[in-house]
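The values are calculated or read from the model by the stated rules, or taken from the named source; none is laboratory data. All of these numbers come straight from a predicted model, not from anything done at the bench. Virtual Cβ from ideal backbone geometry, glycine too; neighbours counted across all protein chains shown.
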Amino acid sequence: MSSNGYIPERALFIYAHPDDIEFSVAGTAAKWASLGCEVTYVVITDGNAGSHEDGMTQEKLAAIRRAEQQAAASTAGARQCVFLGYDDGMLQPTLALRKELVREIRRYQPNVVVCGDPTFYYSETYVNHPDHRAAAVAALEAVFPAAEMPLAFPDLAAAGFGPHKTNYVYISHAHDADTYIDTSEYIDVKIAALRQHKSQLGDWDPTERIKSWSANTGKKVGFAYAESFRRITLKPIVTESEAKETGK
Ligand SMILES: [Zn+2]
C-alpha cells in the first residue's frame, strides 16, 4: 500500500460517461494538473440516454452533456477532453473501440492511463454498470499490449500514431486498492467540476456525498480526503534519486 506522491508528465483518463470522472477521480486529475501534468480526458459515450425530460432527444442531450463535460474538464485543469461519441447504455468492448483508444493513447503518449474497474462487482451493494465495465475492459485492452505493439492496427502507425508504452495504469474503485492519492486540497475543485453536470444533478448538492466518500477513503491512510486506485506498473519510471540508491 502506498500514499503515492508521483506526478506524471502526461495522464489520460478514459471513462464511459460524462460525469464518471467527476464522481470518481477528478480530485486526482485536478491535483496532477495543478502540479504540471498534462491531463487529457477521453469520454467514450455522450451520456445521451440520461434524461426523463419531455421533448428531449438523444442529439440535444449529447450536446448538453458534452458542454457540461468540457466545462468540468476545464474546472479541473484538464488540457483537453476527447469525445468518442458512442451511445449511452450500449457500450461494448469491441475491437473498433479498442482501436480508437489505442489511437488516443498513441496521440497523447501518457505516462499514466487512469480507468475504471473492469469487474462485475467490487462492492457488496453494487453491480458494475455495463458501460463502466466495457469502458474499463476496452481501456485495459488498448493500453496493453495493443498501444505498444507496432504491428497492432498498422494503419494507425501509417497515419502517424506509432507505438507507445505507458508506464502505469491506475484503476479506480478497485476493491484491492493499493495506491492512495491525497486529494485534500482539491476536494472543492472536484465538487465544482461535478457541479458542472447541471442536467444530471438538478437541485441536488453533491458536496456532502463527495466529501463523505473521499473522507472514508482518506481515513484508511490518514488523509482528510483521498482517492484510491489499484496501480499496475507496465514500465517503471526510475527517478534519478532511486537510480542512485539502487545503482541502476
Ligand atoms: Zn457512468
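Taking the criterion of being at pLDDT 95 or above, at negative phi and either polar (S, T, N, Q) or assigned to a loop (DSSP other than H, G, I, E, B) (or both), the residues of region 153-176 that qualify are Ala159, Phe161, Gly162, Pro163, His164, Lys165, Thr166, Asn167, Ser172.
Based on what the data block shows, is Arg98 of a type in the set (Lys, Arg) and surrounded by fewer than 18 Cβ atoms within 10 Å (Cβ to Cβ)? No: the conditions fail for Arg98. Taking region 43-57 only, how many residues are away from the ligand (no atom under 13 Å from the Cβ) and either touching a helix residue (DSSP H, G or I) at 6+ places or on another chain (Cβ under 7 Å) or among the charged types (D, E, K, R) (or both)? Counting residues in region 43-57 that are away from the ligand (no atom under 13 Å from the Cβ) and either touching a helix residue (DSSP H, G or I) at 6+ places or on another chain (Cβ under 7 Å) or among the charged types (D, E, K, R) (or both) gives 3.
Is it the case, given these coordinates, that Thr40 is within 14 Å of the ligand (Cβ to nearest atom) and in contact with a Phe, Trp or Tyr (Cβ under 6 Å, 6 or more places away or on another chain)? When the stated conditions are applied, Thr40 does not pass them. If you go through region 10-30 and keep only what is crowded, with 24+ Cβ neighbours inside 10 Å and away from the ligand (no atom under 14 Å from the Cβ), you end up with Ala11, Leu12, Gly27, Thr28, Ala29, Ala30.
The single condition from (1) within 16 Å of the ligand (Cβ to nearest atom); (2) among the hydroxyl-bearing types (Ser, Thr, Tyr); (3) touching a helix residue (DSSP H, G or I) at 6+ places or on another chain (Cβ under 6 Å) that Thr119 fails is (3).
Taking the criterion of being among the small types (Gly, Ala, Ser) and in contact with a Ser or Thr (Cβ under 7 Å, 6 or more places away or on another chain), the residues of region 77-109 that qualify are Gly77, Ala78. Quick check, is Tyr86 closer than 24 Å to Arg231 by Cβ and within 16 Å of the ligand (Cβ to nearest atom)? No; evaluated as a whole, the condition is false for this residue. Just one of the listed residues (Pro110, Pro145) is crowded, with 21+ Cβ neighbours inside 10 Å and closer than 21 Å to Thr40 by Cα, and it is Pro110. Of the listed requirements (1) touching a helix residue (DSSP H, G or I) at 6+ places or on another chain (Cβ under 6 Å); (2) without any contact (Cβ under 8 Å) to a residue 60 or more places away in the chain, Thr125 misses just one: (1).
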